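A short worksheet on the structure shown next.
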Ligand code: GUN
C-alpha cells in the first residue's frame, strides 16, 4: 500500500480563507479588528521564526498583530506585568506567550496569569478544565489542527482506536480529551502512550489512527503501524539541515493508507487554529 500524502498546507489555506471572510464580516458588523499580541522573551531563533510566521498569517487574514519583544534577562515580575498590561488592554483580544521561556523564567505562573478570555493557546487551567468537561471555550491549536485534518480527509473517527504517542500538555493530553468527546471527528477510543508504556510498538500497531507527538525524530517505524492506518505526524525535529517528523516517513508511507508529511502537514494547521481562536476571542469581547 502507498499512502495518500495529506496536504496540510492546502487544508490550512482553505480554512484561513474562511477565517479571513468571517473576520471581514465581523469587522463590517462591529468595527472590531481581531488583534493578537505575541510576547517573545529572549532570542531563541526557532521561536523568532514561529512568531514571525504567526504575525504574517495574522496580517494575511486581516487581523492586527503586535509583537512584544523582551530581553532574555527579563524577570518573572516584569513578564507578569507585561501580561497584566495586555490583560487590561481592551484593544488586545488574544495573548500568546511564546514557549519555551529562557532559563530562569517559570512558564506556569505566566500562563496562569493570562486572562482566560484572551488565552488563545488554551493553556489556562480554566480553559483546560472547560475542554475536559466537553464544553470548550477555545480549542488548543495543534490538537485542533489535527482534528481539522481528520475532518477534511473524511477519516472515520467515531469508534476508531486512536493511539497518541506522547502525553505533552500542548498536544497529547488535550488531543486525547478532544477525541474522547462526543461530536464530529470525535467519539474515538483513545489510548495515550508515553515513555513508560510497555511494548509501545504493539500498542501502536492496534491503532486505526496513529498520532505521533513524542518529539523524537523518526520514532515511529513501519513495524509499529497497522496496514491501512491513518498516520498523523505532529513532530518537527531538526536533524542537521533537514526537518523531520516523529515518523519514518518513507517506510511508513508504504504501510499506512494516509499520512501527513513534515513539513506541510500539521505545522500550517497550528497557526490556522490560532487565527480561529483569536477571532473567537474578539467575538467574546464584543
Ligand atoms: N511553542 C511551541 N509551540 C507553541 C504553542 O503552541 N504556543 C506557544 N505559546 N508556544 C509554543
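Read the figures in this text as sums done on the coordinates, not as results from a lab. Quick caveat, the model's predicted, so the values are computed rather than measured. Every residue, glycine among them, receives a Cβ derived from its backbone with ideal geometry; neighbour counts consider all protein chains shown.
Key figures for this structure:
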read-out: For 64, 198, order by how many other beta-carbon atoms lie within 10 Å, fewest first; value: 198, 64
read-out: Inter-label distance for residue 195 and residue 85, nm, one decimal - labels placed 7 Å from Cα along Cα-to-Cβ; value: 3.8
read-out: Added length on full extension, which subtracts the Cα-Cα distance from 0.36 nm per residue, residue 156 to residue 77; value: 23.7 nm
read-out: Footprinting exposure proxy for 5, 232, 11 (fewest neighbouring C-beta atoms within 10 Å first); value: 5, 11, 232
read-out: For segment 134-286, share of DSSP beta bridges that run antiparallel, in % to the nearest 5; value: 15
read-out: GNM flexibility winner over the chain from 60, 118, 103 (Cα, springs under 10 Å); value: 103
read-out: Estimated [θ] at 222 nm from DSSP helical runs (n ≥ 4, -39500 (n - 2.57)) normalised by residues in the chain, nearest 500; value: -12500 deg cm²/dmol
read-out: Fraction of beta bridges assigned by DSSP in the chain that are antiparallel (%, nearest 5); value: 10
read-out: Prolate/oblate/rounded label for segment 1-57 (Cα gyration tensor, a/c 1.5); value: oblate
read-out: Cα Rg, Dmax, segment 230-286, angstrom units; value: 15.5, 50
read-out: Scattering curve values for segment 39-145, log₁₀ I(q)/I(0), Debye with Cα scatterers, q = 0.12 Å⁻¹; value: -0.41
read-out: Mean shadow area of the chain, taken as a quarter of the surface of its Cα convex hull (nm²); value: 14.6
read-out: Kirkwood Rh, angstrom, segment 105-214 [1 / mean 1/r, Cα pairs]; value: 14.5
read-out: Choice from 35, 124, 152 with maximal GNM fluctuation in the chain (Cα, 10 Å cutoff); value: 152
read-out: Per-pair calculated FRET efficiency, R0 = 35 Å: residue 205 and residue 242 via Cβ, rounded to 0.05; value: 0.80
read-out: 0 to 90° range, to nearest 10: angle between helix 45-60 axis and the chain longest Cα axis; value: 70
read-out: Gaussian network model of the chain, springs between alpha carbon atoms under 10 Å - residue of 74, 66, 142 with greatest fluctuation; value: 74
read-out: Tilt relative to the chain, helix 76-88 - C-alpha long axis, 0 to 90 degrees, to 10; value: 80
